[in-house]
Structures are given as structure tokens and as C-alpha cells.
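Take a look at the structure set out below.
The values are calculated or read from the model by the stated rules, or taken from the named source; none is laboratory data. Computed from a prediction, not measured in an experiment: that's the story for all the values here. Methodologically, a virtual Cβ is constructed for each residue, glycine included, from the backbone with ideal geometry; neighbour enumeration extends over all protein chains shown.
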Amino acid sequence: MTTATADIALIGLAVMGKNLIMNMNDHGFTVCAFNRTVSKVDEFLQNEAKGTNIIGATSLADMVSKLKRPRRVMLLVKAGSAVDDFINNLTALMEPGDIIIDGGNSDFNDSTRRCKELAAKGFLYVGTGVSGGEDGARYGPSLMPGGNPEAWPHIKDIFQSIAAKSEGEPCCDWVGSEGAGHFVKMVHNGIEYGDMQLISEAYHLLKSVCGLSNDEISAVFDEWNKSELESFLIEISRDIMKFRDTDNVHLVDKILDSASQKGTGKWTGKTGLDMGIPITLIVEAVFARCLSSFKDERVKASLLLQGPKPKSENVANPLEHHKKLIDSIKLALYASKIISYAQGFMLMRATSQEYGWTLNMGGISLMWRGGCIIRSVFLGRIKKAFTTNPTLDNLLLDDFFNQEVARSQLSWREVCCTGIMNGVPMPAFSSALAFYDGYRCDKLPANLLQAQRDYFGAHTYELLDSRGQFHHTNWTGHGGTTSASTYNV
Ligand code: 6PG
């Protein structure tokens, strides 16, 4: 009979899985590794895992027999049907009270469904966000677990031990029930899309309008990384900009300008639409990737469609010559980033209320402060804002962020004008500014919009002095007096 010695089993020996196992092993946990293609287990044991306490399994049944109770099994397999297949096979071998953890980028709606289905059979299900890429998985990821709360005491020690630490605190805490963990990871990814798009727009302006070379842009990013913009994504962009290929040519110049995506940004956008939350910057970032993928059509259009050519003068020292504009681009990026996070937190607040998850916004900021792709000094400030006021309606209403946007806004507006006049697309910079101006506007033109709806479709409107009461006007004199029925999307 096999002795049950393993603290946890991990299924899926791709990059993330292997590195998480090594990380758990470093922290004194005995991990049992398994993979659908079993030869990968042997390969792993003979290579990366050689000389460690990691053990392998030859089948799911073998793996289950090697686990201490309650059994903890973590899946790091492709999101979708593979997760359901493994869950079905595992529940046939495991016992009520055992725990199944999905660490992939699963759709949070699937995680909610799985959590309920497994709870009905007595199993404890956890859907956890794992962020930080290969290095994060190996040396300290940000972990966002949610699901059946009864599972948390059994996995807390492993999770918080292997997670990144920020100011001594683990970048991992219980997020909430059902699909809350995967939801928060999804919003993280949406924000990641936004941050990446903002940096790319800054790069476009620095290159096309300021005429900076790749090495000069790298130097600008290096400076920015010593400021309020200090973050993993600025840091890697700095390194990417100066990276030279084996032929000494900058690799970034050889890369096709057509961005891919695996879907989490799109899911965030769809959730924003479903919840009625204007996460405009994330959605623009997703669409910017979509537009970039029309490479051949764009090349044709570039020969046909008129527009200003970016005016980058040939100056001896562009860094010095464009110092003011470069500083303004930095502030535009900073202010847009504040909007992006304000929107992301709006979505989390609304969804949390909708599903009764009681998400802790300060806790989430701390989870994202280290280990993950969007880790930054900035998240420390967000943490502070929610610590000061845990029920803060909107990040923009926090004194610090309000003042930061106020001091950046003129530069931000100038940069948007410069981009527009030079024909440089800035969907994220400009939609962030449009959101800011909309959010701070006490009277939007939606009164006309409501009148139009009522005019052509008798959709009714409310009056400023009698909110909650709906009126219909016979605008043309030949329309009826009956209003259209009301339904919400
Ligand atoms: C992370 C990342 C990761 C994501 C990649 C690729 O937090 O470690 O978010 O989970 O899969 O960034 O995403 P796209 O292919 O959609 O850009």
C-alpha cells in the first residue's frame, strides 16, 4: 500500500506548473507531480526536480493515493473543457472534503458553476488567480484564491508561503466565494492590457513625435521607473527597448506590430458591458490589439488615407529638445493609469455587490502590489486609499489621486492634442481623458439623448425635479400618448 506523504498534488507540467512545484518544494512542502502525458513526469523528475523532495505519479489514481487528507490537488491546465475533464476524473477517485484547486486563467463564471457543482457532491473547490509569469511562479507569484471558503484554512499555509511578499505581507489572501478569485484575476488581466497599451502609446509618441531612438526611449523609461510610475511593466519595457538581437539590431524593430490575446481582456470588457460599468480604457486596449491585427489592411490604408505626418524634427539632442513634451507624456501616462485603475475598481465593486462577494479592495491592492504582472509602487498608494477609506466610492475621489490627476491634467490634455494633431493614435490616453471629463461633469448631454429616445420610440424620460417618475411627450403632435414598455439590458 502506498504511503500518503504528499502535501499537495499538481497536475500540468508546463512552465507555470513546474515552477510552482519547485517553489512549493523550496518552502518545505512535499509535492506530487502529474501530467496527462506521463513521460513528462519522469522528464521533470530527472531534470529540474532532481535532488528535491518532489515525487511523481504514474496515473491519477496513483497521485490520489500519495496525498495526505484532506487531499489537495491543484490543476494548471488549459482553461475550458480540460478543467472539467480532470474534475470529473478526480471526483471519481477522491472523497468528500477533498480540495480541487484550478490555477489556470479560467472564466469566473465557470468557476462559480464548478464551485456549486462540487459543493453539491461534498468537494471543496477553489479557483485561484496566479500571476507573475514564469519567474513569479518560481520565486513568488501573486495568488488570488476564491471559491469554497471551507477550503481556505487547508491551503492558506501553502499559498501564503509561496506567494510574493510586499512589505512583509504575502501577496495572497482569500478573495471571496464562488468565482471571486478568477474574477479578480480577470480584472487584473484587463488592467494589465490597459497598462501595456498606455506604455505602447507613450512609446509611439516618443518615437514618432519626439523622434527618440530606441536607446533614448529606454533611457526615458529608466527615468520613469524611478518615479511614481515605477512598475514591472515599465521596467521590462526599458529592457526591451535596448535589447539587441544577435545581429546587433534592436529586436523590438523586427517584431510584427500585430498583437495577440488569449481572452481575459475581452472577458473583462464583456463583464463591464454586462454590469454597465464604463471600463473604457480596458475595452480600448482590447480593441487596439484587434486593430493592430489588421496588419495587411493597415499597410494598404496607410498608402491611401490622408492624415498629418508626425512632425519629428531632426534635432541634435531630442531628449533635451523635447524635455517638456517627454515630461508631459509621463504625466499623461500617469493620469490615464489612475483612470484605468479607478475603472477596474469600479467594476470590482459593482460585481462584488451583484454576487454578494464582499471583495476587500485594500486586500486586492496588496495582492497586486507584488509578484504579479501589474505590480507597482502605484498599487501601494491604492492600498493606502482603501485603508484610509474601505468604502471609497471611486479612486478618483481619494484626496491623493484627485490631486495627482489635477496636477497632471494640463499636460495630459496637451499630449492628447499633440497626438491628435500629429495623427498618432492614442485610444487609451484619450478615452481615459474622456472618462475623466465625463465623470467630473455635473450635466452631460444625456438629456437630449433621453428626449430623442422619447421622440422616436416613446421611451420616456425623468425630469430634473421629479426623479423616479417617467414622462412621455407627444413631440410631433401626431404621435400617441402611450409610452413604450420599459426593460433593462
Ligand atoms: C499573469 C498574466 C498571464 C496572461 C498573460 C497573457 O498575470 O501572469 O496575466 O496570466 O496569461 O499575460 O495574456 P494575453 O495573451 O491575453 O496577452
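Sort out which residues of region 241-269 are loosely packed, with under 14 Cβ neighbours inside 10 Å and of a type in the set (Lys, Arg), and write them in order of number. Across region 241-269, the qualifying residues are Arg244, Lys254, Lys262.
Each residue in region 98-152 was checked for being on the phi > 0 side of the Ramachandran plot, more than 14 Å from the ligand (Cβ to nearest atom) and in contact with a Cys (Cβ under 6 Å, 6 or more places away or on another chain), and 1 of them qualify. Residues in region 165-210 that are at positive phi and modelled with pLDDT of 95 or more were compared, and the one that is farthest from the ligand (Cβ to nearest atom) is Glu178.
Listed conditions (1) buried (at least 21 other Cβ atoms within 10 Å of the Cβ); (2) out of contact with any helix residue (DSSP H, G or I) (no Cβ under 6 Å at 6 or more places or on another chain); (3) free of Cβ contacts under 8 Å to residues at least 60 places away in the same chain are all met by Asp85, apart from (1). Contact map, region 286-302: first residue small (Gly, Ala, Ser), second residue within 13 Å of the ligand (Cβ to nearest atom) and assigned to a helix (DSSP H, G or I), Cβ cut-off under 9 Å, separation 6 or more or different chains; pairs are Ala288/Tyr193; Ala288/Gln197; Ala288/Ser200. If the condition is being surrounded by fewer than 23 Cβ atoms within 10 Å (Cβ to Cβ) and closer than 15 Å to Gly136 by Cβ, then region 165-187 contributes Lys165, Ser166, Pro170. The residues in region 238-267 that are on the phi < 0 side of the Ramachandran plot, away from the ligand (no atom under 16 Å from the Cβ) and of a type outside the set (A, V, I, L, M) can be counted, and the count is 11. Considering only region 447-470, state which residues are loosely packed, with under 12 Cβ neighbours inside 10 Å and either touching a strand residue (DSSP E or B) at 6+ places or on another chain (Cβ under 6 Å) or closer than 25 Å to Thr280 by Cβ (or both). Listed by number, the residues that qualify are Leu448, Leu449. The criterion of at least 3 residues that are within 16 Å of the ligand (Cβ to nearest atom) is met by the following helices (runs of 4 or more DSSP H) wholly inside region 336-436: 361-369. Pairs are defined by a Cβ separation below 7 Å, a sequence spacing of at least 6 or placement on different chains, a first member in region 125-150 that is closer than 19 Å to Gly356 by Cβ and in a helix (DSSP H, G or I), and a second member that is modelled with pLDDT of 95 or more and away from the ligand (no atom under 12 Å from the Cβ); the pairs so defined are Pro149/Trp174; Pro149/Ser177; Glu150/Leu124. Condition test on Lys156, is it within 16 Å of Ile99 (Cα to Cα), among the basic types (Lys, Arg) and away from the ligand (no atom under 16 Å from the Cβ)? So Lys156 passes the test.
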